[in-house]
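S.K.: Can you read through this structure? Questions will come right after.
Derivation of every value follows stated rules applied to the coordinates shown; laboratory data play no part. Bear in mind that the values here come from a model prediction, so they are computed numbers and not experimental data. Note that we place each Cβ from the backbone using ideal geometry, even for glycine, and neighbour counts take in every protein chain shown.
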Amino acid sequence: MPEPEIPLPTDHAFVLQLQESHGRPGTCRAGRVEHLSSGEATRFATTAELWDFVDRVLTALTDHHDRPD
């Protein structure tokens, strides 16, 4: 019996648009990423830049959720 799926938090959703690579077929390393709930977006030229953005946004969310009201 398959395990039930755990719902994913909607504030952790991103849209990723990849630019076609003209070097090697099947490779995409540049594009644009947008955090859906905040609308914050950036362009990236490397996968490291992509993950830096995602990490920064998710860290800010965690920091915000951890603050007392």
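S.K.: Using per-residue counts of other Cβ atoms within 10 Å, averaged over each peptide, order 3-9, 52-58, 29-35, 42-48 from highest down.
M.R.: In descending order of packing, they fall as 29-35, 52-58, 42-48, 3-9.
S.K.: Now, a different point. Among rounded, prolate and oblate, which fits the stretch 1-61 when a ≥ b ≥ c are the square roots of the eigenvalues of its C-alpha gyration tensor, a/c under 1.5 means rounded, and a/b larger than b/c means prolate?
M.R.: In terms of gyration-tensor shape, oblate.
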